[in-house]
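Structure record follows, encoded as structure tokens.
Please treat every number below as a calculation from the coordinates, not as lab data. All of these numbers come straight from a predicted model, not from anything done at the bench. A quick note on method: Cβ atoms are made from the backbone with ideal geometry, for glycine too, and the neighbour counts reach across all protein chains shown.
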Amino acid sequence: MKISTQLTDDGILRELGERLAGIRLGFNLTQAKLAERAGVGKRTVERLEGGEVATQFSVFLRVCRVLGLLDHLNALIPEPTPSPMAQLKWQGKMRRRASGKKTSSSDLAQWTWGKAK
């Protein structure tokens with residue numbers, strides 16, 4: 001099944017769990033062996049594969065590392081690429097901050113000492 005916006009969160013977690021189980025079986029690993037190599041409990045792997053995940057993301061990463069899937073996470077969250085105009089503007093400098101909404105002086109209330117609001 002393809003993961004899409006039509007699926008609920010539970011549906012996506014269930015699909016990811018099924019995919020992890022399939023990959024684990026492709027490596028001929030038991031849940032216990034995968035858990036041991038990933039440094040987590042067998043029950044955690046069971047929950048992860050069952051889509052009933054209430055674990056930390058780091059557990060997911062550990063399991064992905066053992067199954068050799070970390071490189072595929074680049075597709076999940078690709079590295080941000082600036083637009084060509086932004087590249088020219090920044091000329092190779094890394095952006096460090098987001099620009100917030102600019103407020104005009106008319107948006108700011110005048111504040112003076114001694115006036116209570």
Problem - Unit charges at the beta carbon, dipole of the stretch 9-76: most positive-side option, G39, G11, G68 - result: G39
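If you place +1 on the Cβ of every Lys and Arg and -1 on the Cβ of every Asp and Glu, how big does the dipole about the Cα centre of the stretch 9-76 come out, in debye to the nearest 20?
340
From the C-alpha coordinates alone, can you work out the Kirkwood hydrodynamic radius of the stretch 9-76, in Å? Walk me through the numbers before you get to the answer.
Working: mean 1/r = 0.0852 Å⁻¹.
Hydrodynamic radius (Kirkwood, Cα only) of the stretch 9-76 equals 11.7 Å.
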Problem - Positive minus negative residues near G11 (Lys, Arg vs Asp, Glu; Cβ under 13 Å) - result: -2
